[in-house]
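In what follows, a single structure is set out as structure tokens and then discussed.
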């Protein structure tokens, strides 16, 4: 298997996690906010991406250490 294919397959679970997190309601809300406020709320999107990335990283590490998902642990 080529190195490029390994890198692509390594990102696969991340794409599914983002797909589960960002649903149709979120997309609709973002469209309405963007059409209403324009670029004034861009900082909210950046902040949201930073927090989401930190949570994905933390939950991934938690699973690697304990072997349990965050939802199961709650």
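Of all residues in the range 1-20, those that are in a helix (DSSP H, G or I) have Cβ atoms under 9 Å from Cβ atoms of residues that are loosely packed, with under 10 Cβ neighbours inside 10 Å and modelled with pLDDT of 65 or more, 6 or more apart or on another chain, in 9/1. Residue check: is residue 31 surrounded by 10 or more Cβ atoms within 10 Å (Cβ to Cβ) and at pLDDT below 80? Here the answer is no, as residue 31 does not meet what is asked. Looking only at the range 47-74, how many residues end up being within 23 Å of residue 11 (Cα to Cα), surrounded by 10 or more Cβ atoms within 10 Å (Cβ to Cβ) and over 17 Å from the mean Cα position of the chain (by Cα)? Within the range 47-74, residues that are within 23 Å of residue 11 (Cα to Cα), surrounded by 10 or more Cβ atoms within 10 Å (Cβ to Cβ) and over 17 Å from the mean Cα position of the chain (by Cα) number 2. Starting from residues that are closer than 30 Å to residue 73 by Cβ and surrounded by 11 or more Cβ atoms within 10 Å (Cβ to Cβ), keep the ones in the range 34-46 and report whichever is modelled with the lowest pLDDT. Among them, the one singled out is 45.
Across the range 1-26, the number of residues qualifying as at pLDDT 75 or above and closer than 25 Å to residue 71 by Cα comes to 2. Residues in the range 40-64 that are touching a helix residue (DSSP H, G or I) at 6+ places or on another chain (Cβ under 6 Å) and closer than 18 Å to residue 30 by Cβ: 41 alone.
The values are calculated or read from the model by the stated rules, or taken from the named source; none is laboratory data. Just so it is clear, the structure is predicted and the values come from calculations on it, not from any experiment. Positions of Cβ are generated from backbone atoms using ideal geometry, with glycine treated the same way; all protein chains shown enter the neighbour counts.
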